[in-house]
Amino acid sequence: MTWGPKDDWQPLASGTGQANGGVWVTGDGWVVKRLLPGIEDVRHHAYWQRQAFVAESGIVARTPGLRTPRYLRVVRDAEGISLWSEYVESAVVDPLALARALGRFAQARVVEPAWGARDVLRDRLRTVERRGGWTALSRVVDEPLWRTAQALWVRRDAALTELDALPRVPTHGDAHPVNLCGRRGDDVIAFDWEQFGLGPSGFDLGYLLLATDLPLSSLLDAHGADSAVRRGAVLTAAFTAVSRAAWSLDQEARGDHVERMVSVGDVIEEASRQAA
């Protein structure tokens, strides 16, 4: 029997990830997210079943700062997996409040599951390497920034070793405000847990930095960060910003990735020095 949405289900615009097969709200008010088969490596950042395991385990259902919505059921069939969860109203959450929530979440006691994502940045840099690195950016950014970015690329192995040495903490993996849009008291209801795992301190904060116009110092203060969090956030943000900018040059709709890279030039420079 072929799976499909019912006549009274309304599609929702939310929902991202390589395994995402659509998101709907049912006639009786539940949200159904469809996961499609994909990457089978349980440690890969895009492992297709990870969100189902997050829902079934309840591992982050009650964590401070960040948590999942309440799940009704997880239905597996021959064609994929359906996640049924409560409907959560979207709310605009101030970036500083998000940073505080991420700080509390990073302090949660979570035992690393066998299916949690690991080495997310390392996996992504391997993909960048297969695509030829960042060389195309030399045509679109000024020479000082390009030299700094290229120095960071050359030092990427040292930077990854630096990240490996940082404390490992609970990590959402895609801490963009669009995924952190629910509110329950002081906690954030987060969606799209495809990349959840234990990652280096500061990883989530680095992602948040690239989605806001606030300076890193303000986010760090709100997070309650120490030097390890700063190191992790700087390296994560720098590698992610430059990689996104390089990727965008081959896209029909480039977005603002190059402009965002330029706006965090000081973070890229700090990351390059840190990895030296």
For Ser227, what accessible area in Å² do you get when you roll a 1.4 Å probe over the heavy atoms of the protein chains, rounding to the nearest 10? 80
Taking all protein chains as present, what is the carbon and sulfur share of the accessible area of region 184-248, in % to the nearest whole number, probe 1.4 Å? 48
Taking only C-alpha pairs under 8 Å that are 6+ residues apart, what is the relative contact order of region 1-154 in percent? 19
Determine the gain in length on full extension of the stretch Ser138-Gln251; use 0.36 nm per residue of separation and subtract their C-alpha separation, reporting nm with one decimal. 39.0 nm
For region 72-168, give the percent of accessible area contributed by carbon and sulfur heavy atoms, probe 1.4 Å, rounded to a whole number. 49
How big is the chain on each of its three principal axes, counting only the C-alpha atoms and giving the largest first in Å? 56, 39, 33
Can you compute the FRET efficiency between Asp157 and Asp8 using 1/(1 + (r/R0)^6), with r the Cβ-Cβ distance and R0 = 51 Å? Round to the nearest 0.05. 0.45
From phi via Karplus (6.51, -1.76, 1.60), per-residue ³J(HN,Hα) for region 191-208 in Hz, x at Gly/Pro: 10, 6, 8, 4, 10, 5, x, 9, x, x, 3, x, 4, 4, 5, x, 5, 4
With +1 at each Lys and Arg Cβ and -1 at each Asp and Glu Cβ, the charge dipole magnitude of region 39-131 around its Cα centre, to the nearest 20 debye, comes out at 360
Size of electric dipole in the chain: Cβ of Lys, Arg +1 and of Asp, Glu -1, about Cα centre, debye, nearest 20: 520
Gyration tensor verdict on region 1-83 (Cα atoms; rounded if a/c is under 1.5, prolate if a/b is larger than b/c, oblate otherwise): oblate
Here the net charge surrounding Pro64, from other residues whose Cβ is less than 12 Å away from its Cβ (Lys, Arg +1; Asp, Glu -1), is +4
Surface accessible to a 1.4 Å probe, per residue, for the residues of the chain, Å²: 47
Any residue on another chain or 5+ positions along whose placed amide H is under 5 Å from the amide H of Gly22 is listed here as Arg34
Dipole magnitude of region 126-276, debye to nearest 20 (Cβ charges: Lys/Arg +1, Asp/Glu -1, about Cα centre): 380
Could you tell me whether region 151-267 comes out rounded, prolate or oblate from its Cα gyration tensor? Rule is a ≥ b ≥ c as square roots of the eigenvalues, rounded for a/c under 1.5, then prolate if a/b exceeds b/c, otherwise oblate. oblate
Going through the DSSP H helices of the chain, which span 24 Å or more along their own axis at the Cα atoms while scoring at least -1.0 as a mean Kyte-Doolittle hydropathy? 227-248
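The values are calculated or read from the model by the stated rules, or taken from the named source; none is laboratory data. Just so it is clear, the structure is predicted and the values come from calculations on it, not from any experiment. Cβ sites come from the backbone with ideal geometry, for glycine too, and all protein chains shown count toward neighbours. Keep in mind that these areas ignore ligands, DNA and RNA; they rest on the heavy atoms of the full protein, side chains included. Shrake-Rupley method; radii C 1.70, N 1.55, O 1.52, S 1.80 Å.
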